[in-house]
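A short write-up of the structure that comes next.
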Ligand code: NAP
């Protein structure tokens with residue numbers, strides 16, 4: 001069965017999400033650019049896509065909140081049609097520090113944004129996509145991190161924990177819905193040049209650490225987007241519950 005080409009990409013106003021939105025649009029997908037607050041950045045990504053003649057919309061929604069996620073999915077369904085692809089890309093991190101300096105408030109905020117968003121969006125997607133629920137199937141791609149394996153000591157264990165949870169959710173959900181027309185996979189990027197590192201207090205983190213990467217360089221957001229696109233297309237039709245690590249060998 002040929003699926004509609006409608007994709008929701010969470011956190012797509014910049015970085016990996018923005019590159020993914022542009023790449024999907026270039027490949028004929030109708031894209032929803034979700035974002036939290038930076039409207040001008042989201043509109044810039046949208047205009048770039050529209051200028052090339054491709055189709056997309058922006059939807060502002062905090063995807064860690066259930067009602068906002070419901071509104072996001074309803075809006076996309078109404079404006080673009082059947083949602084066949086969800087990319088759970090949203091992720092935040094906070095200032096680098098040791099575990100004993102992480103407050104309980106920060107720990108729960110990081111987990112809420114990174115894990116709850118993935119759970120809530122996946123839930124809305126499965127409700128619609130599952131053949132068991134009358135859907136025509138679909139694909140979910142989660143954006144985890146190499147941090148789920150390294151644990152990010154002395155930087156942000158809270159963030160690493162959230163990515164470990166995403167890996168587990170990926171595996172569990174993939175097996176749960178495998179017979180219902182839905183594939184679920186994840187990418188685990190390594191050090192990628194985005195503005196996220198500034199949130200950790202070190203905008204040039206990739207430069208500092210790049211010599212430790214076997215390929216001897218940081219990655220570009222587009223190199224992660226290519227892996228996400230592959231997992232979303234029929235080219236990966238026999239792949240589910242799996243992980244791709246665009247991490248230069250780390
Ligand atoms: P980024 O540049 O910091 O962008 C984060 C995006 O998420 C922004 O579009 C932001 O929207 C949005 N966002 C944040 N909280 C949100 C919420 N509650 N609801 C909706 N949108 C929200 O991030 P990135 O570096 O591209 O990372 C993207 C993903 O890759 C994350 O999951 C990250 O953990 C993962 N990753 C990144 C790296 C890396 O080296 N960069 C490595 C491994 C994994 P606004 O602009 O509106 O705030």
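The values are calculated or read from the model by the stated rules, or taken from the named source; none is laboratory data. As the structure is a computational prediction, the values presented were derived from the model and not from experiment. Note that we place each Cβ from the backbone using ideal geometry, even for glycine, and neighbour counts take in every protein chain shown.
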| task | List every residue pair whose Cβ atoms sit under 7 Å apart, with the two residues 6 or more apart in sequence or on different chains, where the first one lies in the stretch 54-76 and is part of a strand (DSSP E or B) and the second, anywhere, is modelled with pLDDT of 95 or more and within 8 Å of the ligand (Cβ to nearest atom). | result | 58/35; 58/42; 59/34; 60/35; 60/39
| request: Sort out which residues of the stretch 25-53 are part of a helix (DSSP H, G or I) and either more than 25 Å from residue 197 (Cα to Cα) or at pLDDT below 95 (or both), and write them in order of number. | output: 25, 26, 47, 49, 50, 51
| query | Based on what the data block shows, is residue 74 away from the ligand (no atom under 13 Å from the Cβ), surrounded by fewer than 18 Cβ atoms within 10 Å (Cβ to Cβ) and modelled with pLDDT of 95 or more? | reply | yes
| Flag for residue 163 being under 23 Å from residue 213 (Cα atoms) and either in a strand (DSSP E or B) or touching a helix residue (DSSP H, G or I) at 6+ places or on another chain (Cβ under 9 Å) (or both) | yes
| message | Which numbered condition in (1) part of a helix (DSSP H, G or I); (2) out of contact with any helix residue (DSSP H, G or I) (no Cβ under 8 Å at 6 or more places or on another chain); (3) surrounded by fewer than 18 Cβ atoms within 10 Å (Cβ to Cβ) is the only one that residue 226 fails? | response | (2)
| task | For residue 102, work out the one condition from (1) surrounded by 15 or more Cβ atoms within 10 Å (Cβ to Cβ); (2) within 16 Å of the ligand (Cβ to nearest atom) it doesn't fulfil. | result | (2)
| Identify, please: which residue in the stretch 36-65 is near the ligand (Cβ under 7 Å from one of its atoms) and under 10 Å from residue 12 (Cβ atoms) and is, among those, farthest from the chain's Cα centre (by Cα)? | 41
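Can you say whether residue 8 is within 25 Å of residue 200 (Cα to Cα), surrounded by 17 or more Cβ atoms within 10 Å (Cβ to Cβ) and within 13 Å of the ligand (Cβ to nearest atom), as far as the supplied structure shows? Talk me through it step by step, then tell me what you get.
Working: within 25 Å of residue 200 (Cα to Cα): no; surrounded by 17 or more Cβ atoms within 10 Å (Cβ to Cβ): yes; within 13 Å of the ligand (Cβ to nearest atom): yes.
Considered against the rule, which asks whether it is within 25 Å of residue 200 (Cα to Cα), surrounded by 17 or more Cβ atoms within 10 Å (Cβ to Cβ) and within 13 Å of the ligand (Cβ to nearest atom), residue 8 comes out as no.
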| Scan of the stretch 174-199 for residues that are more than 7 Å from the ligand (Cβ to nearest atom) and part of a strand (DSSP E or B), ordered by number | 182, 183, 184, 185, 186, 187
| request: For the stretch 118-160, name all the residues that are within 10 Å of the ligand (Cβ to nearest atom), in a helix (DSSP H, G or I) and under 13 Å from the mean Cα position of the chain (by Cα). | output: 118, 121
| Which numbered condition residue 21 misses (of (1) in a helix (DSSP H, G or I); (2) more than 15 Å from the ligand (Cβ to nearest atom)) | (2)
| Is it true that residue 114 is within 18 Å of residue 9 (Cα to Cα) and more than 12 Å from the ligand (Cβ to nearest atom)? | no
| note | Filter the stretch 26-35 for residues that are without any contact (Cβ under 8 Å) to a residue 40 or more places away in the chain and surrounded by fewer than 21 Cβ atoms within 10 Å (Cβ to Cβ); the one that is nearest to the ligand (Cβ to nearest atom) is 26
| For the stretch 197-222, which residues satisfy the criterion of being surrounded by 19 or more Cβ atoms within 10 Å (Cβ to Cβ) and in contact (Cβ under 8 Å) with a residue 24 or more places away in the chain? | 218, 219, 221
| query | residue 15: touching a residue at least 24 places away in the same chain (Cβ under 8 Å) and surrounded by fewer than 23 Cβ atoms within 10 Å (Cβ to Cβ), yes or no? | reply | yes
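I'd like to check something: does the stretch 82-96 contain any residue that is over 22 Å from residue 169 (Cβ atoms) and either free of Cβ contacts under 8 Å to residues at least 12 places away in the same chain or within 9 Å of the ligand (Cβ to nearest atom) (or both)?
No, that holds for no residue.
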